[in-house]
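Only one structure is covered here, and it is reproduced in the block below.
The values are calculated or read from the model by the stated rules, or taken from the named source; none is laboratory data. Note that the coordinates shown come from a computational prediction; the quantities given were computed from them, not determined experimentally. Neighbour counts are summed over all protein chains in view; Cβ atoms, including those assigned to glycine, are modelled from backbone coordinates with ideal geometry.
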Amino acid sequence: MSIKDNVKAKVESNKTLNRFFGGKKLVLAVGIAAAVLVALGAAIFLNVKNTGKYEVLFPGISVDENTEVYTVLRSRGVDAKRNESGEVTVPEAELGDIMLDMSLLGYPKTALPFNIFSDNTGFTTTEFEKKQYLLLNLQDRLERTLKDMSGISNAIVTLNVSDDSIYVWDEQSSDSTGSVSLTLVPSYELSPEKVAAIKKLVANSVPRLLPENVAVINAVTMEELQGQSLDSGSYYGLDRLDFESKVEKRLEDKIMNVLTLAYKPSQIRVSATVVIDYDKMITENMQYVPQENGSGVVGKSEESKSQGSTQGAGGVAGEENNTDIPSYGTADSGQGGTQSEEYYNNVDYLVGYIKQQIEKDNVKLQKATVSVTVNDNNLTENRKQQLIDTVSKAANIAPEDIVITSFRQTEVQPETVQPEKKETEPQGIVWDRNTLFLAGAGLLILLLLIFLLVHRSRRHNREDEEMFARAENQGDGAAVLERAGEGAVVNTIGNGTQDPVGATEENPMDQVRSFAKTNPEIIAAMIKSWLKEGNE
């Protein structure tokens, strides 16, 4: 009988089971069980599908920030994992919410989320919305750029970009403005030059935005940070010093380029100093052009001419009339004389000329001097002149402004160095690390050997004392000594040694004592073996 028949027979024999599984109830029970299994399988499948797929949260961020983000997510109870590349992955269904929460905390810091514009634009997006998304993307990029700077822990950038005007004549056109709120690291201060650089960075990123229209605020003190004015004298002073150092460096590189063919770079030292004239210069040149006939064009002419005679004053001297105009006598005879006027001519000539005015605003290299030092003991005057000509042509500097010297080693230097070496030799031996290390190691080994020898000697003495004490405590101490004496005599005979003259006449006990004094180790070993035999 098969298993199916056995089950069927048991069901039929059991009235309860037969009543439960009989007829339509059996079909209903099978249907319910199948529905439950299908629902359970679907739930498991959907759960595995939704929770099993993970997406990278912030691709492209640094390893340190990945670790920091993973720690923050785990502390907030998010089921975050890390893939083979070390990137943080989160469930796909929770990706949007997690990104929003992390953005409020200021993450990511080492990657720029450029998906602000792409995630919010579509077919129905208006031009105004696109501009706003681009502006948000630009603000986010500037904030992350400022956070990467040293001394700045957080930055908030707000931009107000003016609209493009379509009118040719628009008197109410306004420029763009911007504000930057900075949270600085404690005990860190921004110099005016750095504030000016931040303003210029923001201004160059936004159209129609001037640096003076950017406000930089300290978020902690709520005070505006003042930047260095570009028109101030100190700014131009620093800029000029930097320009001069660049010119000097360029001259030194040119000179090194031609001298390294004859000398090693370690044997040459070049130093250049320049004087640059930054003053503006206006030149006016006026040149007169003469006429071919030697005269110019008449611009103004005055001419006066008078001819004829006039009656002079007459009368008797001393007489006066009643007229208002007095008359003076000119002759004793009382007769009047004649008078004539001279010819007067004044002519102004116009002469042709060329007037030229030149204004120079560029800097000018006023003077440059170069000093070259070479390590050459055979620097002759001929060779020195060749080097001066070479440097002059390479740097376009006058030969009289070039100096070339050599550090020659004189014979006195070895004599002055030798006494110093003799004086410092004992100190070098004393303070040499290798010598001190070897001396210390030798001293340590010597102390260790002395300690071992002393310890060994003490141990042997202690063992001898214990053995002799045990022998004395036993009743047959005399027998032990006699046996030790016999063994010592036998050992002496076996070794082939002969006793000295008169030793045979001595008492055996005296021989044992003398032998024990000369060979304590042998006596101790023999007593030790005898004691073991006695114990057995």
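Observations, loosely collected:
- Any hit, region 74-91, residues being modelled with pLDDT under 80, in contact with a helix residue (DSSP H, G or I) (Cβ under 7 Å, 6 or more places away or on another chain) and either surrounded by 12 or more Cβ atoms within 10 Å (Cβ to Cβ) or basic (K, R) (or both): no
- Residue in region 242-254 that is over 27 Å from the mean Cα position of the chain (by Cα) and modelled with pLDDT of 85 or more present: yes
- Near pairs, Cβ below 6 angstrom, 6+ apart or cross-chain, from region 139-151 (free of Cβ contacts under 8 Å to residues at least 40 places away in the same chain) to any residue that is among the small types (G, A, S) and crowded, with 16+ Cβ neighbours inside 10 Å: E143/A155; K147/A155
- Where L448 falls short, out of the listed (1) modelled with pLDDT under 80; (2) more than 30 Å from S266 (Cα to Cα); (3) surrounded by fewer than 12 Cβ atoms within 10 Å (Cβ to Cβ); (4) not assigned by the TED database to the domain that holds Y263: (1)
- Output for region 375-392, where each listed residue is in a helix (DSSP H, G or I) and either among the acidic types (D, E) or touching a residue at least 12 places away in the same chain (Cβ under 8 Å) (or both): E381, K384, L387, I388, D389, T390, V391
- Taken over region 128-148, residues that are in a loop (DSSP other than H, G, I, E, B) and either at pLDDT 85 or above or not assigned by the TED database to the domain that holds V220 (or both) amount to 0.
- Exclusive hit being modelled with pLDDT of 85 or more and surrounded by fewer than 16 Cβ atoms within 10 Å (Cβ to Cβ), set G151, G122, G106: G151
- Criterion (surrounded by 14 or more Cβ atoms within 10 Å (Cβ to Cβ), modelled with pLDDT under 90 and either closer than 30 Å to F407 by Cα or more than 28 Å from the chain's Cα centre (by Cα) (or both)) met by exactly one of L261, L209: L209
- Which numbered condition L100 misses (of (1) surrounded by fewer than 10 Cβ atoms within 10 Å (Cβ to Cβ); (2) modelled with pLDDT of 70 or more): (2)
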